[in-house]
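Comments concern the structure below.
The values are calculated or read from the model by the stated rules, or taken from the named source; none is laboratory data. For clarity, every value in this text was computed on a predicted model and none was experimentally measured. We place every Cβ from the backbone using ideal geometry, glycine too, and count neighbours over all the protein chains shown. Side chains included, ligands, DNA and RNA excluded: accessible areas come from the protein's heavy atoms. Shrake-Rupley method; radii C 1.70, N 1.55, O 1.52, S 1.80 Å.
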There are 2 protein chains.
Amino acid sequence: MTNAATPAVDIAALRARHPEHFRMATALRVLTLDAVAAANSGHSGMPMGMADVATVLFSKHLRYDAADPAWPDRDRFVLSAGHGSMLLYGLLHLTGVKDVPIEELRNFRQLGARTAGHPEYGHCPGVETTTGPLGQGLANAVGMAIAERSLAARFGRAVDHRTWVIAGDGCLMEGVSQEAITLAGHLRLDRLIVLFDDNGVSIDGPLSIADSTDQRARFASAGWNVLDVDGHDPDAVDAAMTEAKKADRPTMIACRTRIGLGAPTKEGTAPAHGAITDKAEIAGARAAYGWEHGPFEIPADVAKLWAAAGGRGASLRAEWLTRIAALSERKRAEFERCMAGEPPARLASVVRALKKTLSAEGKAVATRAASQTALNAINPVMPETLGGSADLTGSNNTRSGDMSVFTAEHHAGRYIHYGIREHGMAAAMNGMAAHGGVAPYGGTFLVFADYSRPAIRLSALMGLRVVHVLTHDSIGLGEDGPTHQPVEQVAMLRATPNLMVFRPADSVETAEAWELALSSTRTPSALALTRQNLPLLRTTHTSKNLVAQGAYVIAESVAKRRVVLMATGSEVEIAMGAKALLEAEGIGARVVSMPCWELFEAQPEAYRKRVLPRGPVRVGVEAAMRQGWDRWLCGEGGDARKTGFVGMEGFGASAPYKELYAHFGITAEAVASKAKSLL
Amino acid sequence: MTNAATPAVDIAALRARHPEHFRMATALRVLTLDAVAAANSGHSGMPMGMADVATVLFSKHLRYDAADPAWPDRDRFVLSAGHGSMLLYGLLHLTGVKDVPIEELRNFRQLGARTAGHPEYGHCPGVETTTGPLGQGLANAVGMAIAERSLAARFGRAVDHRTWVIAGDGCLMEGVSQEAITLAGHLRLDRLIVLFDDNGVSIDGPLSIADSTDQRARFASAGWNVLDVDGHDPDAVDAAMTEAKKADRPTMIACRTRIGLGAPTKEGTAPAHGAITDKAEIAGARAAYGWEHGPFEIPADVAKLWAAAGGRGASLRAEWLTRIAALSERKRAEFERCMAGEPPARLASVVRALKKTLSAEGKAVATRAASQTALNAINPVMPETLGGSADLTGSNNTRSGDMSVFTAEHHAGRYIHYGIREHGMAAAMNGMAAHGGVAPYGGTFLVFADYSRPAIRLSALMGLRVVHVLTHDSIGLGEDGPTHQPVEQVAMLRATPNLMVFRPADSVETAEAWELALSSTRTPSALALTRQNLPLLRTTHTSKNLVAQGAYVIAESVAKRRVVLMATGSEVEIAMGAKALLEAEGIGARVVSMPCWELFEAQPEAYRKRVLPRGPVRVGVEAAMRQGWDRWLCGEGGDARKTGFVGMEGFGASAPYKELYAHFGITAEAVASKAKSLL
């Protein structure tokens, strides 16, 4: 059966058959019409089409208590089709969430309102994840369902809930949805239920102009349970939800709906997707619904029905409180720590001890291997980490010795074989972090941050503790060539607000970066790590985390300081080599390691000035494009006439890496020579 | 039927049954072993597993002439699983491509060799597209198949060929593959045949640890013809290919193979994926094949068989030459112009005429609308353009009045409804451009360049004429909020080598940008366009294309010049407002419009100095992150102490756009005030 819009619906019959349900659903529809009209923008069609399904979900199935929409054991509800945000805001308001009063709906899409154009996590209570970029919510939900099972394995029946998703054709056309769906099917995430708004319409017209996919067969090919209902028949929807809850696999319920149901001329057509603002159209819809109340006016009978739906979860929550109370005090404290996203107290001491050992041993290793060493130390004391890799486990070095694999049968596993699904992995990690209780990290090559880019951005926008482990971080990966050699990815990541980009220079900096990444509750991190070995530079142990300052003097000039060499990651070694060459000629050179620009930017100006004093020649060294470097070279007290950069000017090439560094002129000699030319 | 590795294969029996075929395939296998051993890196398993399928393809089905591997009407062969590059290099060498002698195979993965780690378009003859980032080749192939049908609609039987793809599990797990597969199924691209290397193994282990997808059912759900064969049975493969060529839909042939066939301990296992360099393993494989020749040694009988395969296409090419000769001279010249990627002679005059009209009319319009106006003028004289949008046609303004829609039934259509498939669209456009003969452009919102990012990078790496139309390019999109408001995407695009990023300030600059984008044969372009209206600034017509200089003085100071204001796109209007405020106070301010940094960078230094003279205060204005701006503010003769930037410092917000500009302080007043504070 291919997707097609349901035939026209007899609204009067619906109303007659299920009067209470119909009035509840109508409240969602008219609030959408009213808010979109007030804002003169927004998306009317989806909420109007999916109001029946959402009403059944919130009044009969969702573990939800409007009195505490952040209750840990609630069901997660993800509006993956985030443009239909008024559906969610309507639900939150009508069920009685305190911070979503009618004024917020009147202020839909206005500056400062919680009711942003698309639902924003952390901005409006009850919003489980930021959606709008299509497909993301569905992929987040997969992560939520994993997090739930992982926590259930740790905390038993203190964690026992489901994740529900509303997704549209747009979500399902995006490639990330395939990654999410196949991962969920493979892991048999039976707590995940997707309500597909099968309305057969997209922005450009009927769906048939752009897609002919049999979505039911597609989900089935990924191992899902697939159900099919008339999305305007509350009994059928109710029965399907009941059945889905019993399945041993994730379920997709295809809900055949009419986009913009009730809009006299737009129902069932593409123009219903966006803002319905025409007065006659709105009045016509109200008439079709038999709704005789003014804008934003909810009659008492409807308010009462919705309040009852919002209060349904109170007893569930109370019951859960008894379950939580049954945990040992230690277990309960641990649960609360994890849900709060606080790192364990022992993290700092474990990292300190590791650093001491590393400094003493002085081994040259790749930072990707150093990362594994850090994880081997950290993971045993931080049982909430959920690691993984997009089919590059041996290359990303992401699996620590203590980690077993999370599978359909073994939810206590803490390592996920994400498969070749970088985007799905990053989006699932966002869902895990938004769910709470777990600390996800996942690996791929840095260049493939391109694939996960939309989800990385959302982790930054949401302020989630997600760690992107990005190895093979330059031409240093060698023979695989330019398709696999990042040159602009570090700049891309640094351009993203609220993302910490670490590029550590040795094992010690790598351990410090991990400590910071896992301690950061509101900021995701990207760790750029090498394939090739790097010498240990931090030979003197410091208990202080120097990476926390973002940049610091790693080697002071011996002769009179005339040069400051600034570098990150693998190029700090090169800067150290250049320093030796310069000092041999009596030219004093300071080396500044800059593992995290964002943290350096956040330091007091006085500290930044101490690290980068006015006067000396400055040379930046990074095996990447220059973009962004002028902030530190010419800005921050620098002088454009006395600055230089040694790095990449274009794409890389395929060859052994040492030859590439020579070929592209990223060598100690080149750096020293550049510095001298500026003196 | 789910994917699973084929059971162990009886190599001796294969050899006995098909002795000639077996020796041909073995040559591919041993060349792989030899080259990987010489390089001490690479990927052995895929070529060893798919050698039989590739041998059948090249010796019996592919329209291919090694004497002219770039012959326009050849079948396209795409190695989507690009890590198996030795398979392709082996095929090119053995069939006799002149520029791929045995020395190139000996130099596999070495600096300067054509035989890069992954196949690189433009670097090695016979490589149709750069692959390695998984899923891309498959999505490129969809574009090639579209280009072929589009050209066939224009030029009749002068264009009549197929596109063949080898794709692995990695390609099929990537989300972009779903976008490609569903688009191909929807468009019923019967000239597209995918050979799925169904070996049941990925890097981390057996595929079953990460995926349980029924790929056959999945392709069927997208409307494909699905066949299934033993990938080591040449007769079965041959029969399937014959059947696929008759289908009225795209065909996926699942070829059950053994990764690393013949490797004594690695065959059929994950360690076969990478480099097999162990001497005993290599010797064991040679023994299993009964191959008694030295490394890189091809016996005469095998060389002869392969030479015959390489020469198979000579008669097809000769026959095609008669078909081309049958075209009218005008038609043939037009075909050759299009295949060469040359814009029509009339492009320049059409743009000039349009600019004249625009300057005279002086209308305020959004640059996205200006883009449509430009397309309305250009498309009628440039019949090779293939436009489209990822379900945002009315927002991206990408469909010009003369364009009908390309559908399964109507290949003369020049507009593609890509659906909500940004990544698949961008990758398909790469395939179209690599195929040649067409000039693809496609639209989405700028923020969703994140989704198409991996394909945008590849367009830059390959040097393809692809135009990414990216509208709604800032907080100026307003109410949709931060998920939809780009702040770092322009920086991300500018960081990418060999990509021209245009952010035009008005209708005239937009027309000029289009002319440059379509005239650029080796560089893709991104056009960042506004949702909101902008005044016409270029009120005086110039026949010269000023955007070609990258940046230019759009308004000279009246009073003594003490300030230079630099801006792009919608913020040039704001800079003009600031200039008026400053001049009113007697402070002379020049306004520099900087629509394309890459082109400005390419100007002679003397020109750059004329535009950005040393001395005055510099203020940059762009509703985006500052990253990259210091190149122009502090660098290029600037002085960090006398520079400022007015733009975004983080993510946007949801509100009407004028309020957002005020909220984030991107106003003429703020710019003037910043400039004054620096005087």
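Below is a table of values for the structure above.
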quantity: Spin-label model distance (nm) - residue A:301 vs residue B:544, 7 Å beyond Cα toward Cβ; calculated: 7.6 nm
quantity: Per-residue mean of C-beta atoms belonging to partner chains within 10 Å, peptide A:448-455; calculated: 6
quantity: The protein assembly as shown: calculated mean residue ellipticity at 222 nm from DSSP helix runs of at least 4, using -39500 (n - 2.57); calculated: -13000 deg cm²/dmol
quantity: Debye log10 I(q)/I(0) for the protein assembly as shown, one point scatterer per Cα, at q = 0.07, 0.08 Å⁻¹; calculated: -0.72, -0.96
quantity: Inter-centroid distance (Cα atoms) of the range A:520-595 relative to the range B:31-93, Å; calculated: 45 Å
quantity: Potential extension, residue A:658-residue A:408 segment - 0.36 nm per residue separation minus Cα distance; calculated: 85.6 nm
quantity: Global form of the range B:550-677, assessed from the alpha-carbon gyration tensor, a/c cut-off 1.5; calculated: oblate
quantity: Folded to 0 to 90 degrees: helix B:234-246 orientation relative to chain B principal axis, Cα; calculated: 40 degrees
quantity: Qualifying trypsin sites (Lys or Arg not before Pro) in the range A:606-679, DSSP loop, other Cβ atoms within 10 Å at most 12; calculated: A:614
quantity: Pairwise burial B:A, computed as accessible area of each alone minus the pair, summed, 1.4 Å, Å²; calculated: 7700 Å²
quantity: Accessible-area ranking of B:352, B:494, A:457, largest first, probe 1.4 Å; calculated: B:352, B:494, A:457
quantity: Cα shape, the range A:104-224, gyration tensor, a/c 1.5 rule; calculated: oblate
quantity: Chain B: angle of helix B:422-435 to the longest principal axis, Cα-based, in degrees nearest 10; calculated: 70 degrees
quantity: Angle in degrees between helix A:175-186 and the longest Cα principal axis of chain A, rounded to the nearest 10; calculated: 80 degrees
quantity: Inter-centroid distance (Cα atoms) of the range A:600-635 relative to the range A:276-341, Å; calculated: 51 Å
quantity: Whether the range A:19-319 is rounded, prolate or oblate, judged on the alpha carbon gyration tensor where a/c under 1.5 counts as rounded; calculated: oblate
quantity: In Å², nearest 10: area of residue A:60 left accessible to a 1.4 Å probe; calculated: 110 Å²
quantity: 24 Å Cα-Cα reach of residue A:356 towards lysines, excluding residues that sit fewer than 8 places from it in its own chain; calculated: A:544
quantity: Given 12 as the ceiling on other Cβ atoms within 10 Å, longest exposed-site-free region of chain A for GluC sites (Glu not before Pro) in DSSP loops; calculated: A:1-291
quantity: Trypsin sites (Lys or Arg not before Pro) restricted to DSSP loop in the range A:93-161 with at most 12 other C-beta within 10 Å; calculated: A:98
quantity: Accessible surface ranking that places the most exposed of B:475, A:203 first, with a 1.4 angstrom probe; calculated: A:203, B:475
quantity: Size-normalised alpha-carbon gyration radius of chain A, reference 2.2 N^0.38 Å; calculated: 1.05
quantity: Accessible surface, 1.4 Å probe, highest first, among residues A:277, A:265; calculated: A:265, A:277
quantity: Orphan Cys of chain A, criterion: no other Cys C-beta under 4.7 Å; calculated: A:124, A:171, A:255, A:338, A:596
quantity: Average other protein chain Cβ within 10 Å of Cβ, residues B:203-209; calculated: 6
quantity: Projected label distance in nm at residue B:364 and residue A:325, using a 7 Å step from Cα toward the beta-carbon; calculated: 6.5 nm
